[in-house]
Amino acid sequence: MNAVSGQTPKPHVGAVVIGRNEGERLRRCLASLLPVVSRIVYVDSGSTDGSAAHAASLGVEVVDLDLSRPFTAARARNEGFARLTALEPDLPFVQFVDGDCEVVAGWVPAAFEYLSDNPDCAVVCGRRRERFPDRSVYNWLCDREWDTPPGDADSCGGDALMRTRPLQDIRGYRDDLIAGEEPEMCLRLRRQGWRIRRLPEEMTLHDAAMTRFGQWWTRQVRSGHAYAEGAWLHGSGPERHWVRETVRALAWGLAVPVAALLLAGAWSPWFLSLLAVYPLQFLRLGLRNRSWALAWSSVVGRFAETAGVLKFHLTRWRGGDRRIIEYK
């Protein structure tokens with residue numbers, strides 16, 4: 001306890017928040033961080049709702065991202081991290097948070113304690129929950145997606161507490177990734193011998209604000225793009241990074257439909273049998289997960305993931321600019 005104020009001193013942790021036009025979500029995010037970290041850097045990517053001015057009014061350091069270069073969340077995080085460590089070169093830990101998330105009280109001290117007691121761990125994350133899971137089936141699916149078991153993990157998400165030195169040693173996130181930057185960064189950390197850990201503690205409340213099928217579909221396309229690029233970059237390594245996910249998407253979203261069309265063109269009745277794998281898969285997953293929504297998401301989502309895989313390779317083949325895939 002601080003003898004003068006009677007308050008528990010803040011742990012020596014900084015925070016990097018990224019966002020654009022998050023409005024009230026950003027206000028909640030910053031308010032949840034101010035009592036528990038020593039410094040906050042907010043990276044704004046062209047907000048028009050006064051987000052940057054609000055952050056500055058709270059004493060938060062604001063970085064206006066140069067939008068003459070293509071935006072990626074990875075670049076935003078790197079620039080925020082660079083500013084934070086320039087301001088506090090001896091900072092041992094940094095909490096990364098997306099601007100649409102509120103940090104749960106108690107998370108930062110718990111994560112700080114774990115990293116302090118486990119010097120072989122570089123990244124620690126907890127349970128991210130959807131703030132309004134009942135507003136739409138798409139929000140609910142997000143909440144279920146993030147319900148992962150605690151223990152050693154391959155990767156984290158956008159919210160995580162990290163050691164600054166290992167992140168600097170691997171030069172942070174890969175700037176040019178438009179999706180899947182956290183698993184790619186964690187892969188490079190694990191190759192250096194560091195552990196990634198998921199704790200059972202509640203970490204953040206997220207507001208996906210997904211109410212339309214089109215938003216959910218776009219988010220799944222982004223996942224497919226991340227799978228394809230991750231496999232392209234690191235799939236030949238011993239981890240086979242995202243090779244399985246890419247092959248699975250292409251098998252269900254492309255190979256089966258193409259084979260069915262070829263059989264139908266040959267007037268073979270077997271095309272109906274091939275198409276029957278989809279309702280059978282839906283039934284199998286629904287019974288296994290005790291959720292028809294999860295089964296629907298898994299079956300239909302493979303087509304969106306396939307679109308993302310093809311989008312990545314088509315853009316790579318053409319040599320065009322890669323634009324961030326946003327669902328809201």
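The values are calculated or read from the model by the stated rules, or taken from the named source; none is laboratory data. Predicted, not measured: the structure shown is a model, and the values here were computed from it. Positions of Cβ are generated from backbone atoms using ideal geometry, with glycine treated the same way; all protein chains shown enter the neighbour counts. Protein only, heavy atoms only, side chains kept; ligands, DNA and RNA dropped before computing areas. Shrake-Rupley method; radii C 1.70, N 1.55, O 1.52, S 1.80 Å.
Restricting to the chain, what percent of DSSP beta bridges are antiparallel, rounded to 5? In the chain, approximately 35 percent of DSSP beta bridges are antiparallel ones.
Distance distribution P(r), the range 262-302, all Cα-Cα pairs, bin width 10 angstrom from 0: 30, 37, 25, 8 percent.
Please build a GNM for the chain, connecting alpha carbons under 10 Å apart, and tell me which residue among 78, 118, 21 fluctuates the most. Residue with maximal mean-square fluctuation among 78, 118, 21: 118.
Among beta bridges from DSSP that stay inside the range 78-204, the antiparallel ones total about 60%.
Projected label points at residue 313 and residue 290, each 7 Å from Cα along the beta carbon direction, are separated by 3.9 nanometres. Against the chain, whose longest principal axis comes from its Cα atoms, helix 107-117 is set at around 80 degrees.
Each Lys or Arg adds one and each Asp or Glu subtracts one; over the other residues with Cβ under 14 Å from the Cβ of residue 218, this totals +4. Given R0 = 30 Å, the distance between the Cβ atoms of residue 239 and residue 56 translates into a calculated FRET efficiency of 0.10. Here the accessible area of the chain is 55 percent carbon and sulfur, with a 1.4 angstrom probe and all protein chains present. In the chain, the DSSP-assigned H stretches of four residues or longer account for a calculated mean residue ellipticity at 222 nm of -14500 deg cm²/dmol, using -39500 (n - 2.57) per stretch and the full residue count as denominator.
Among the protein heavy atoms, those of residue 218 account for about 40 Å² of accessible surface (1.4 Å probe, every chain in place). The label-point distance for residue 145 and residue 82, in a model that sets each label 7 Å from Cα toward Cβ, rounds to 2.9 nm. GNM remark for the chain: springs join alpha carbons under 10 Å apart, and the peak mean-square fluctuation among 272, 30, 285 falls on 272. Enter the angle in degrees (range 0 to 90, nearest 10) between the Cα long axis of helix 277-289 and the first principal axis of the Cα atoms of the chain, meaning the one along which they spread out most. With both axes taken from Cα atoms, the answer is about 40 degrees. Here the range 136-164 and the range 179-215 have alpha carbon centers that stand 5 Å from each other. Entry comment: accessible area of the chain is 49 Å² per residue, from protein heavy atoms only and a probe of 1.4 Å.
Rounded to the nearest 10 degrees, what's the angle between the helix 24-33 long axis and the longest principal axis of the chain, both from Cα atoms, 0 to 90? Tilt of helix 24-33: around 50 degrees.
Full extension of the segment from residue 259 to residue 272, taken as 0.36 nm per residue of separation minus the current Cα-Cα distance, would add 3.6 nm. Sorted largest first by accessible area at a 1.4 angstrom probe radius, with every protein chain in place, the residues 81, 282 fall in the order 282, 81. Kirkwood radius and radius of gyration were both taken over the C-alpha atoms of the range 119-232, and their ratio Rg/Rh is 0.99.
Spacing of the modelled spin labels on residue 113 and residue 34, each 7 Å from Cα toward Cβ, amounts to 2.6 nm.
For the chain, calculate the relative contact order in percent as a whole number, restricting contacts to Cα pairs under 8 Å that are 6 or more residues apart. Averaging sequence separation for qualifying contacts and normalising by length gives 16 percent for the chain. Above 23 angstrom, tally the Cα pairs of the range 176-328 and express them as a % of all pairs, no decimals. Tail fraction, whole percent: 51.
Altogether, the Stokes-Einstein calculation at 25 °C and 0.890 mPa s, with the Kirkwood radius of the chain over Cα pairs as Rh, returns a diffusion coefficient of 116 µm²/s. Per residue, the convex hull around the alpha carbon atoms of the range 30-116 comes to 101 Å³. Extension gain, residue 212-residue 132: 0.36 nm per intervening residue step, less the Cα-Cα distance, totals 27.4 nm.
Of all the options 220, 95, 192, the one that moves most in a Gaussian network model of the chain with Cα springs shorter than 10 angstrom is 192.
Taking 0.36 nm per residue of separation and subtracting the current Cα-Cα distance, fully stretching the chain between residue 195 and residue 154 would add 13.9 nm.
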